[in-house]
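Enquirer: Just dropping this structure here.
The values are calculated or read from the model by the stated rules, or taken from the named source; none is laboratory data. Note that the structure is predicted; figures quoted are calculated from it, not measured. Quick reminder, even Gly has a Cβ in these numbers, built from the backbone with ideal geometry, and neighbours come from all protein chains shown.
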2 protein chains.
Amino acid sequence: MFENKELTDIAELGEFGLIKHLTDNFKIRHETSIKGIGDDAAVLNFGEKEVLISTDLLLEGIHFDLAYVPLMHLGYKAVQVNLSDIYAMNGIATQITVSIGLSSKFPLEAVEEIYKGIELACNKFNIDLIGGDTSASKQGLVISVTSIGYADKKDVTYRNGAEEGDLLCVSGDLGGAYLGLQILEREKLVYLENPNIQPDLEGKDYIIERQLKPEGRRDIVDLLAQMDIKPTSMIDVSDGLASEILHICEQSEKGCNLYEEKIPIDPVTYETARELGLDPTICALSGGEDYELLFTIKQSDYPKLKNDVDISVIGHITDKNSGCKMISKSNVVHTITAQGWTAFKG
Amino acid sequence: MFENKELTDIAELGEFGLIKHLTDNFKIRHETSIKGIGDDAAVLNFGEKEVLISTDLLLEGIHFDLAYVPLMHLGYKAVQVNLSDIYAMNGIATQITVSIGLSSKFPLEAVEEIYKGIELACNKFNIDLIGGDTSASKQGLVISVTSIGYADKKDVTYRNGAEEGDLLCVSGDLGGAYLGLQILEREKLVYLENPNIQPDLEGKDYIIERQLKPEGRRDIVDLLAQMDIKPTSMIDVSDGLASEILHICEQSEKGCNLYEEKIPIDPVTYETARELGLDPTICALSGGEDYELLFTIKQSDYPKLKNDVDISVIGHITDKNSGCKMISKSNVVHTITAQGWTAFKG
């Protein structure tokens, strides 16, 4: 990536120089950002709004593999993953802090690529970068992002508000990010065996983009507000549909019926799953990283969103004793189990 | 540390189980903490207060060496380092998020030790743990803490408010944390050469505690409020007195005169520096990690604090063109340079 360029040793800049260098182009957009980078802490002021805070830690070798994740995409995704959590509260994200640990293998130009991705995400989603920390790392790349947002008290949507009879809805489509990852990993293995073979990604653009460049669904938060719908519960799909449904049902002390045939799956996702000998529904249930919004609404709100092509009604909430069930295409009832999170396993 | 106990593999718990296990004992103390752990984001509400946010990333091998840092102390310090940034804004810290990346060498009992330290810091400083992220790590232990606090708008103290003639003040004493680290590193080398030799830490308790168990100076924030003093600028001493003075002068567009003889140095710090052939003043200027508060006040506020033994007046602010100077004990004038930050060097 940087073969023909003269590279800069980060040590030449020092920490403060590095932060200044990397963040000089970032503009402050929000009146709520009283003070950004350059003091001990950022200062925000939301007056009568509720303040939302979310944080994620991304580690090389666990959350990303630099063999196939371009650094700019990594920066972009690190921000999106975090914003998604604020949107999942039915809030508007307004600020982030970014801390990065860098091993000495990264020249300045590599860090700049990461920050280009961060800046792109900030520009696209109207976010102020207000602070952070930059450090050497003896091991690999570490990125920690904290996002801050706000909402009116009446609008904040928790995981625990689903009621019996509510409709279970999801934005966009599911399973694509997981299958994008499978393709990237397959091509990495091919490359490692023979570096002369070009990666075969033809026709896979959509799912690779789902993996490398996910987007938090702020548009859905805005859309729901326009439709005058306040979801009764909401969560983002980071670990897989099954895991997220179980969170909502557990915290709301309810059960649910999920209809397999209603789960939105893109044709490329579907075909790729079949190619790889995987069940597309399992990919949607357990794949994760789609960063779509899963939410419940009152039945009376159904007419407001029934014609929106970007939202699918995939089931409904039942009582706790009925459990969390999926009704398959062949009408068999399965109990939903979480398989979405495996980072500590194997 | 865990030799005689049966250890638990973290994988048995899964991420959500692990977070619940580690944070079940943490109480929510603040009315401003509307929603803590267990949703996509925490929800805070500060009404008319300004919200302060600060974040730090601590990496094994860079910020701490597990050869001599007990895990409980590490958890405690990770929190304190962050709270210190909120206090340095003249604010009250109220919440933290903690994200941890763990390599497979850490059993559950090790993580519990870290959280014991976090809990101790939360209890002592009245802090709510409201969120975070737990992940596997291929790289060693990674801890990212974000702290949140508040202050009345009129009380928030920035680095850029120092005026000519203001007095330069510092709390506590300086250089101890750095010399504690030197002793710990010396004893580690002795141990590596001959594991049968017991570490010789006699009489060094104070400086070792300064290194392993620093405390953010919330008491100074409270004291200044009681004395009805609003500092004109403030910063915490994380990188060393020299570096922090330069931050205040640069951001305030001022110069300063610092008097070497006024720099508060504890006798144990002084003697240890001499033993190791180091200049105690250089240790105070460049050592860092003391987490004391450096601040400037109007001369008219001097009578209010002149009798406080925990605050030293160490110099005064001059105009920008006079530069940042230290007047030595032998009356030689030196230009102050930052040597406090070396993590990317060497």
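Enquirer: Which numbered condition in (1) surrounded by 15 or more Cβ atoms within 10 Å (Cβ to Cβ); (2) at pLDDT 95 or above is the only one that A:Gly340 fails?
Expert: Every condition holds for A:Gly340 apart from (2).
Enquirer: How many residues are closer than 16 Å to A:Asp24 by Cβ and either more than 8 Å from chain B (Cβ to nearest Cβ) or touching a helix residue (DSSP H, G or I) at 6+ places or on another chain (Cβ under 8 Å) (or both) if we restrict to the stretch A:121-135?
Expert: Of the residues in that region, 6 qualify.
Enquirer: Taking A:Phe16 and the conditions (1) in a helix (DSSP H, G or I); (2) crowded, with 20+ Cβ neighbours inside 10 Å; (3) modelled with pLDDT under 80, which numbered condition does it fall short on, given that it satisfies the others?
Expert: Exception for A:Phe16: condition (2).
Enquirer: Still on this structure: Please work out which one of (1) in contact with a helix residue (DSSP H, G or I) (Cβ under 6 Å, 6 or more places away or on another chain); (2) not in a helix (DSSP H, G or I) is the condition A:Gln198 fails and give its number.
Expert: Every listed condition holds for A:Gln198 apart from (1).
Enquirer: Mind listing whichever residues of the stretch A:171-180 are touching a Ser or Thr at 6+ places or on another chain (Cβ under 8 Å) and surrounded by fewer than 24 Cβ atoms within 10 Å (Cβ to Cβ)?
Expert: A:Asp173
Enquirer: Filtering the stretch A:20-74 down to residues that are among the acidic types (Asp, Glu) and within 11 Å of chain B (Cβ to nearest Cβ), which residue is farthest from A:Leu192 (Cα to Cα)?
Expert: Per the criteria, the residue is A:Glu48.
Enquirer: Still on this structure, I have one more. Just checking, does the stretch B:199-216 include any residue being over 27 Å from B:Tyr68 (Cα atoms) and in contact with a Ser or Thr (Cβ under 6 Å, 6 or more places away or on another chain)?
Expert: There is no residue in the stretch B:199-216 that is over 27 Å from B:Tyr68 (Cα atoms) and in contact with a Ser or Thr (Cβ under 6 Å, 6 or more places away or on another chain).
Enquirer: Among the residues of the stretch A:110-146, which ones are among the acidic types (Asp, Glu) and under 15 Å from A:Lys77 (Cβ atoms)?
Expert: A:Glu113, A:Glu119
Enquirer: Search the stretch A:281-302 for residues being in contact with a strand residue (DSSP E or B) (Cβ under 7 Å, 6 or more places away or on another chain) and among the aliphatic types (A, V, I, L, M), and hand back the single one that is nearest to A:Ser243 (Cα to Cα).
Expert: The qualifying residue nearest to A:Ser243 (Cα to Cα) is A:Leu294.
Enquirer: Please tell me if A:Asp205 is of a type outside the set (A, V, I, L, M) and within 22 Å of A:Gly175 (Cβ to Cβ).
Expert: yes
Enquirer: B:Thr335 versus (1) of a type in the set (Ser, Thr, Tyr); (2) touching a residue at least 60 places away in the same chain (Cβ under 8 Å); (3) more than 14 Å from chain A (Cβ to nearest Cβ): which is the lone unmet condition?
Expert: Going through (1) of a type in the set (Ser, Thr, Tyr); (2) touching a residue at least 60 places away in the same chain (Cβ under 8 Å); (3) more than 14 Å from chain A (Cβ to nearest Cβ) one by one, B:Thr335 breaks only (2).
Enquirer: Just the residues that are over 26 Å from B:Glu185 (Cβ atoms) and not in a helix (DSSP H, G or I), please, taken from the stretch B:70-91.
Expert: Listed by number, the residues that qualify are B:Ala88, B:Met89, B:Asn90, B:Gly91.
Enquirer: Can I ask one more? I'm checking my understanding of the structure. Among residues of the stretch B:138-170 that are small (Gly, Ala, Ser) and crowded, with 24+ Cβ neighbours inside 10 Å, which one is farthest from the other protein chains (Cβ to nearest Cβ)?
Expert: Only one residue fits best here, namely B:Ala162.
Enquirer: Is it the case that some residue within the stretch A:292-303 is within 27 Å of A:Lys204 (Cβ to Cβ), touching a residue at least 40 places away in the same chain (Cβ under 8 Å), surrounded by fewer than 24 Cβ atoms within 10 Å (Cβ to Cβ) and not hydroxyl-bearing (Ser, Thr, Tyr)?
Expert: No, the stretch A:292-303 has no match at all.
Enquirer: Would you tally the residues in the stretch A:251-280 being more than 19 Å from A:Val313 (Cβ to Cβ), surrounded by fewer than 19 Cβ atoms within 10 Å (Cβ to Cβ), more than 13 Å from chain B (Cβ to nearest Cβ) and of a type outside the set (Asp, Glu)?
Expert: Going through the stretch A:251-280 one residue at a time, the tally reaches 6.
Enquirer: So, one more: Picking from B:Ile229, B:Ile248, which residue would you name as being touching a Lys or Arg at 6+ places or on another chain (Cβ under 6 Å) and surrounded by 24 or more Cβ atoms within 10 Å (Cβ to Cβ)?
Expert: Going through B:Ile229, B:Ile248 in turn, just one is touching a Lys or Arg at 6+ places or on another chain (Cβ under 6 Å) and surrounded by 24 or more Cβ atoms within 10 Å (Cβ to Cβ): B:Ile248.
Enquirer: Restricting to the stretch A:119-163, count the residues that are aromatic (Phe, Trp, Tyr) and part of a helix (DSSP H, G or I).
Expert: Counting residues in the stretch A:119-163 that are aromatic (Phe, Trp, Tyr) and part of a helix (DSSP H, G or I) gives 1.
Enquirer: Applying the selection to the stretch B:164-185, what residues are assigned to a helix (DSSP H, G or I) and among the acidic types (Asp, Glu)?
Expert: Selection gives B:Glu185 alone.
Listed here are the residues, each with its yes/no results for (1) out of contact with any Gly (no Cβ under 7 Å at 6 or more places or on another chain); (2) at pLDDT below 95; (3) among the hydroxyl-bearing types (Ser, Thr, Tyr).
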position	(1), (2), (3)
B:Ile263	yes, no, no
B:Pro267	yes, no, no
B:Thr272	yes, no, yes
B:Asp290	no, no, no
B:Lys298	yes, no, no
B:Leu305	yes, no, no
B:Asp308	yes, no, no
B:Ile311	yes, no, no
B:Asp319	no, no, no
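Enquirer: Which residues, taken from the stretch B:84-106, are aromatic (Phe, Trp, Tyr) and at the interface with chain A (Cβ under 9 Å from one of its Cβ atoms)?
Expert: B:Tyr87
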